[in-house]
Amino acid sequence: MAVKRVVLVGGGHRHMALLAEHRRFADAGIAVALIDPGRFWRGNHVSALMAGRVTPEALRASLGRRCRDVRFDYAGTRAIGLDARHQRVWVAGGAMHRYDAVSIDVGLEPDLDGLDDRGVRVQVWPAHSVAALAQCRDALDHAPTGRPPRVAVCGADARAVEVAAGLSRAPRRLSVALYVPGPRLLPEAPRRAVRALVRELARRGVDVVMDTAISTLAEAAVLSSDGRAFGADHLVTSHRERGSRFIHAGGLPTQAGRLCVNARLHSTVDDRVFAAGGCARLPGGQVPAPMDVACQARVLARNLQARLTRRPLGHYRAGPERGLIDLADGTALGWWGRFWWRGRWLADYKHALDGRLDARLAETAQAQGGAGIADR
């Protein structure tokens, strides 16, 4: 009997947490391979990173070592094509990986059209790349002394807020402005929570500018879509993102650049193709909650095994809108549906959650006596 094979495309948080389920696959006789060209970066400590409380090295892990620890195959290259009909994944260089089930966790790609002018003195950093944020922080640390570096943050989501909050607590004095593309910051959060957040950011000296989408660059400035200019040396943007090119490669249904999946986390038209995280779109337009990394990984692992062993598949339930943001001052802001809270106890709760997630992401190395975080 041929060995069943699962291919994981992308080294995202869900796939890294899924590695802790390696015994499930080994016991079922399922071979697993991970395809990703880079290192894994933990994305749950962004405020601490920008505030200088953690080093980039503490957030970086070797995908190759993690896979070796759990006896998964690893291909350090980029997946460029999906042939869903013949169940194949193509990678850069022309190699092909056959699968019986494939899971995709590649997130979204930054859309930097209009923001890639190398002739101006503004450095642009995509906010959803922790590696880019680490480089941004290093550039700020080594900026010339004198005038405080001017950092423009553009976005309305939790990542933009965490970047701005972290920068406002950086050891070096910075001039920070948060440009919100629409009329609301954190559209999914209760209005009273958002108003309290805006007041707190303003108290720290962060200039919050609403209805201002940064679209192009000028010399030592960023320009909004209506032509206004704002002085800046750095632009951190989470405003414009697009679906990964790989998501569209298989010709499966997508919405807003995300693969359409059902509650079992597989494609609505192909039960051999699974997706989780930011590249997946659930029924009703929901995106799997960032706080549910471990839950998504468990459902994903169970269903990948169940699909190949002809057992019933489980369901992932996203639940009400919720979020938890570290404000980099010893407090956190959280919400669940229409309820919201802020305080030190909530920061302690977030740190406990992050600790459990970090432990789960490290379980693979601990299980085999490996070293965990290291350069590949």
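The values are calculated or read from the model by the stated rules, or taken from the named source; none is laboratory data. Fair warning: this is a prediction, and the values are worked out from it, not measured in the lab. Note: ideal-geometry Cβ built from the backbone for every residue, glycine included; neighbour counts use all protein chains shown. With ligands, DNA and RNA removed, areas are computed over all heavy atoms of the protein, side chains included. Shrake-Rupley method; radii C 1.70, N 1.55, O 1.52, S 1.80 Å.
Could you please tell me which pairs satisfy a Cβ distance under 9 Å, a separation of 6+ or placement on different chains, a first residue in segment 336-364 that is farther than 21 Å from Glu321 by Cα, and a second residue that is among the acidic types (Asp, Glu)?
So the pair list comes out as Thr364/Asp69.
Just to be sure I understand the filter: pairs with C-beta atoms under 6 Å, separated by 6 or more residues or on different chains, first member in segment 15-38 and in contact (Cβ under 8 Å) with a residue 60 or more places away in the chain, second member polar (S, T, N, Q) and surrounded by 24 or more Cβ atoms within 10 Å (Cβ to Cβ). Which pairs pass?
Leu19/Thr364; Ala20/Thr364
Can you tell me which residues in segment 58-80 are touching a residue at least 60 places away in the same chain (Cβ under 8 Å), open to solvent by 10 Å² or more (accessible area, probe 1.4 Å) and farther than 15 Å from Leu19 by Cβ?
Ala58, Arg60, Gly76, Ala79, Ile80
From the list Gly29, Gly114, which one is more than 21 Å from Phe246 (Cβ to Cβ), in contact with a Ser or Thr (Cβ under 6 Å, 6 or more places away or on another chain) and either charged (D, E, K, R) or surrounded by fewer than 16 Cβ atoms within 10 Å (Cβ to Cβ) (or both)?
Result: Gly114 is the single residue among Gly29, Gly114 that is more than 21 Å from Phe246 (Cβ to Cβ), in contact with a Ser or Thr (Cβ under 6 Å, 6 or more places away or on another chain) and either charged (D, E, K, R) or surrounded by fewer than 16 Cβ atoms within 10 Å (Cβ to Cβ) (or both).
Each row is one residue, and each column tells you yes or no for (1) over 26 Å from Thr55 (Cβ atoms); (2) of a type outside the set (D, E, K, R).
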| site | (1), (2) |
| --- | --- |
| Asp117 | yes, no |
| Gln135 | no, yes |
| His142 | no, yes |
| Asp157 | no, no |
| Val180 | yes, yes |
| Arg195 | yes, no |
| Ala202 | yes, yes |
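Quick one: Leu49 ticks every box in (1) open to solvent by 40 Å² or more (accessible area, probe 1.4 Å); (2) closer than 23 Å to Gly330 by Cα bar one, so which box is it?
(1)
Answer with yes or no whether Trp341 is open to solvent by 10 Å² or more (accessible area, probe 1.4 Å), farther than 26 Å from Asp27 by Cα, at pLDDT 95 or above and part of a strand (DSSP E or B).
Yes; evaluated as a whole, the condition is true for this residue.
Among what's in segment 119-143 and is over 15 Å from Ala220 (Cα atoms) and in a loop (DSSP other than H, G, I, E, B), pick the residue that is most open to solvent (accessible area, probe 1.4 Å).
Across segment 119-143, the extreme among qualifying residues is His142.
Of all residues in segment 313-330 being among the charged types (D, E, K, R) and either in contact with a Cys (Cβ under 8 Å, 6 or more places away or on another chain) or more than 16 Å from Asp292 (Cβ to Cβ) (or both), which is surrounded by the fewest Cβ atoms within 10 Å (Cβ to Cβ)?
In this case the residue turns out to be Asp329.
Collect the residues in segment 264-293 that are aliphatic (A, V, I, L, M) and open to solvent by less than 30 Å² (accessible area, probe 1.4 Å), keeping them in residue-number order.
The answer is Leu265, Val273, Ala275, Ala276, Ala280, Leu282, Ala289, Val293.
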